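Only one structure is covered here, and it is reproduced in the block below.
The values are calculated or read from the model by the stated rules, or taken from the named source; none is laboratory data. This is a predicted model, so every value here is computed, not measured. A quick note on method: Cβ atoms are made from the backbone with ideal geometry, for glycine too, and the neighbour counts reach across all protein chains shown. Each accessible area value is taken on the protein alone, full model and side chains, heavy atoms only, with ligands, DNA and RNA left out. Shrake-Rupley method; radii C 1.70, N 1.55, O 1.52, S 1.80 Å.
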Amino acid sequence: MSASENKPVSQPLQALFVHGMGRTPLSAFPLLSRLRDHGLQTYGFHYFVALESFATIKDRLVRQISAIAAKGDYIVIGHSLGGVLLRAALNALPEGTRQPQQLFLLGSPVTASRVAGRIRNLLPFQLISGDCGQLLSSPERMSAIGAVSVPTIAIVGNKGIKGKYSPFGDEDNDGVVSISEAYAAWAEKEILLPVMHTLMPSNRLVSETLIAHLHPARPA
């Protein structure tokens, strides 16, 4: 038997994407396709905020992360509410579960959302966003999720409008989340890009930035 036959087969790095509120895993099709081109094995996680509580979604996510972790090394990527869910799920993983190599947050709020706070009492918002919408607007509930110990890269958009007609005044934002709302003091790095919130998972610049910051770097 040759030395090459004795060499163990390395498993591809896995990537789990969690979409934002009102979206589906299809929103990240371009991103996941580019990750597959770089040799990663990709997964999506779907949820429906109008029918599920935040806790119920988080518990399902914990189970999926645990199943992926049992297979080998992985990274996790969360857009908007997806990043909030990932932080909550990572902090709830059973003891001994393999942690992800990296967490990528795409326009994901770390503090309460100003936009959600303004509309939290409107019936249409309550019906559409359910318990998750109320969580996003609550400083107490958002704070309770806490930091994560996983190396984290926060990618934040700054192409939203500013000024008189913006809910963020003169602060840079992506149209939905401001820079201060997405700032995580415990993150390894925060990267500002000229992108809008909704388009972050499909934006090529976001994909290229994420791939460039994979650690350890994976060959193309």
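Over the chain, dividing the summed -39,500 (n - 2.57) contributions of all DSSP H runs of at least 4 residues by the number of residues returns a 222 nm mean residue ellipticity of -10000 deg cm²/dmol. In this structure ARG204 has an accessible area near 130 Å², from a 1.4 Å probe over the protein heavy atoms. Approximating the spin labels as points 7 Å out from Cα along Cα→Cβ, the ALA144-to-ARG98 distance works out to 3.2 nm. With every protein chain in place and a 1.4 angstrom probe, the accessible-area ranking of LYS71, LYS164, LYS189, LYS58, largest first, reads LYS164, LYS71, LYS189, LYS58. Working note: Cα gyration tensor of the chain, eigenvalues times five, square-rooted, sorted largest first, giving semi-axes of 31, 20, 15 Å. Summarising the label geometry, the points placed 7 Å from Cα in the beta-carbon direction at THR56 and THR111 lie 3.2 nm from one another. Counting only protein heavy atoms and using a 1.4 Å probe, what share of the accessible area of the range 1-143 belongs to carbon plus sulfur, as a whole percent? That fraction is 57 percent. With a 1.4 Å probe rolled over the protein heavy atoms of all chains, the accessible area of GLU181, GLU208 falls in the order GLU208, GLU181, largest first.
All other residues whose Cβ lies under 14 angstrom from that of PHE17 are scored, Lys and Arg at +1 and Asp and Glu at -1, for a net of +3. For the chain, relative contact order (Cα pairs under 8 Å, six or more residues apart, normalised by length) works out to 21 percent.
Here GLU171 sits with roughly 50 square angstrom of accessible surface, probe radius 1.4 Å.
Taking every DSSP beta bridge that has both ends in the chain, the antiparallel portion is near 5%. Label-to-label distance, LYS159 versus ARG118, with points set 7 angstrom from Cα along the beta-carbon direction: 2.1 nm. Inter-part distance, the range 45-69 to the range 165-220, computed on C-alpha centroids, equals 23 Å. Using the 1.4 Å probe convention, the accessible area of the chain works out to 48 Å² per residue with neighbouring protein chains retained.
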